[in-house]
Amino acid sequence: MDELYNFCQTIKSKLGNGEKLSIDHAREIVKSINNFLYSNYEGIGKTNALGTSFEYFSEFHRYWEQHHREILDCEIDEEKCKAVADALHSIFIRTKGNAFRFVYDTCGLEPQEICRVRLLSANQDFRGSRNFSELAAIFDSDNTIFDEEFIYNEPDEFVHRLKITNLSQTDKRATYAKNIASFVLQQKCSPVELIKAYNDDIYELRKALINYKSAGYGNKKTDMFLRDMVVLGVWKDVKGFDKIDVASDINTIKVALRTGIIKTQIPLVSSFLDIFCYQYSYIDEMNALAWRRVWEIWHTTYPNETITSPCLIDYFVYRVVGKQFCKKNLYVFECDNEHHHFKWHSNRNKTCQLCHASHKKGVKAHLVMSVMPCNDPEGEISIRKSEYVRSLPKEQQFGECPFINICGENKKLMPPKSISIMGQTGWNSAYAKQNEGGGGLMA
């Protein structure tokens, strides 16, 4: 750990002899911190990422690449995995298995069209700006937009026609579009025929997509795409579906951290320190392994009810627990007139619900704070009003998160964030040389 040791010695040498820190010492310390964390120099060395070679961003970058795993020391907790498996079993029984199914609106597209639209767009990060119905509408208006030869030859135009040029990193998006089109063209088949090109082995296709250089298909996007092709019946009788993992993202990682099925020796570091996303990749890897272990325990303990692949846990963990339960969506209001407090499931409320129930109409209330439903005795208010629970038949509805007795002190843990390596706002455009100044990430 020479880089970190030398940095610490440098800071120690600039602290002076115990007297009050002078502004001159402060300047030297700030300069040293900047040099160690965020600037490089000729001969610093190179690392490999995304199928290409990059200079190390800084001495810290080189150190972090080598030692992030042993510092974080992420482990899978077997007992917590058993507890989570039992909780999923209870939800399976209560909902008759429906919690682990998701009904897609395929917008009238044929299977081969669904596959084409999903494959050629799933590698883009839409950030909530596009859903499948909007993409299907674009396809219906002009299906040549999703022609792989057009995309390969005109990737910028493809991104433009998807109406995502207002999002950042357009250059990266065009690269991803061109390369996934190239992947299809090299197979000399249509997107829906890709599974046949890999002998109906979905795991082999997974590896090929992930390993194809700069196509934007990391673990998460690949697993989601392959899962959906099976669930929607686009691909049938495939081999290796049980090898497809839970799609790892901030929601499934958040639930994994809070339930404790994965644990680290220190809280996760900021993405500003996680240069080139080593922490994110490591936690992503461990998250998938942990949810697979949960699935294995569930499968062994309750063999007659377990879903056929770990990836199908994703529907409930991501869409329900991660996005609807495990967030501060129980709201505390104060009455403007009588100053009493009450809880509500929506932050858009403007009325004192207690006064209204007492036939005092039009009394206003204001939002005081928001809390996690699992941290409040009245958390049922939010859970029962969630989109998922309200969609269930009355006899299947419930009022608390199934993991409420598992998380304990982990409830505040946050998932990692990542900063793209490529793009105008990525690490590769943020380099700075020592003693030249400047550099850094852009908004």
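Taking only Cα atoms and a 10 Å spring cutoff, compute GNM fluctuations for the chain and point out the largest among Gly45, Gly216, Gly362.
Gly362
Sort by residue number and report every cysteine in the chain with no other cysteine beta carbon within a distance under 4.7 Å.
Cys8, Cys74, Cys81, Cys107, Cys115, Cys189, Cys277, Cys311, Cys326, Cys374, Cys401, Cys407, each lacking another Cys Cβ under 4.7 Å.
Give me the compactness ratio for the chain, meaning the Cα radius of gyration over 2.2 N^0.38 Å. Walk me through the intermediate numbers first.
On the way: Rg = 25.2 Å, N = 443, 2.2 N^0.38 = 22.3 Å.
For the chain, the normalised Cα radius of gyration is 1.13.
Using each residue's phi in segment 369-380, evaluate 6.51 cos²θ - 1.76 cosθ + 1.60 at θ = phi - 60° and report the 3J(HN,Hα) Karplus result to the nearest Hz, with x for Gly and Pro.
Running phi through 6.51 cos²θ - 1.76 cosθ + 1.60 with θ = phi - 60° gives 6, 10, 9, 6, x, 6, 9, 9, x, 9, x, 4 Hz.
Binning at 5 angstrom from zero up to the longest distance, how are the C-alpha pair distances of segment 221-345 distributed in percent?
It works out to 2, 9, 16, 17, 16, 12, 9, 7, 5, 3, 2, 1, 0, in whole percents.
Residues of segment 260-277 with amide nitrogen under 17 Å from the 7 Å Cα-to-Cβ point of Cys8?
Counting only backbone N, you get 266.
Using the structure shown, list the pairs from Lys163/Lys327; Lys172/Lys327; Lys96/Lys243; Lys80/Lys412; Lys327/Lys361; Lys328/Lys350 with a Cα-Cα distance above 20 Å, or answer none.
Over 20 Å Cα-Cα: Lys163/Lys327; Lys172/Lys327; Lys96/Lys243; Lys327/Lys361.
So which of Lys46/Lys207; Lys254/Lys343; Lys263/Lys411; Lys220/Lys254 end up more than 18 Å apart by C-alpha?
Long pairs (Cα-Cα over 18 Å): Lys46/Lys207; Lys254/Lys343.
What relative contact order, as a whole-number percentage, does segment 329-371 give when Cα pairs under 8 Å and 6 or more residues apart are counted?
It comes to 49 percent, rounded to a whole number.
Please find, in a Gaussian network model of the chain (springs between Cα atoms separated by less than 10 Å), the residue of Tyr63, Tyr176, Tyr278 whose mean-square fluctuation is greatest.
Tyr63
Of His89, His68, His366, which has the largest mean-square fluctuation in a 10 Å C-alpha GNM of the chain?
Maximum fluctuation in the GNM of the chain, among the listed residues, is at His366.
When the helices in the chain are scored as -39500 (n - 2.57) per DSSP H run of 4 or longer and the sum is shared across all residues, what 222 nm value do you end up with, to the nearest 500 deg cm²/dmol?
-13000 deg cm²/dmol
Using Cα positions and a limit of under 20 Å, work out the lysines in reach of Lys31, with same-chain residues fewer than 8 apart set aside.
Partners within reach: Lys12, Lys14, Lys20, Lys433.
What percent does the relative contact order of the chain come to when contacts are Cα pairs within less than 8 Å and at least six residues apart?
18 percent
Where a number appears in this text, it was derived from the coordinates with a stated rule and is not lab data. What you are looking at is a predicted structure, and each value in this text was computed from that prediction instead of being measured. Every residue, glycine among them, receives a Cβ derived from its backbone with ideal geometry; neighbour counts consider all protein chains shown.
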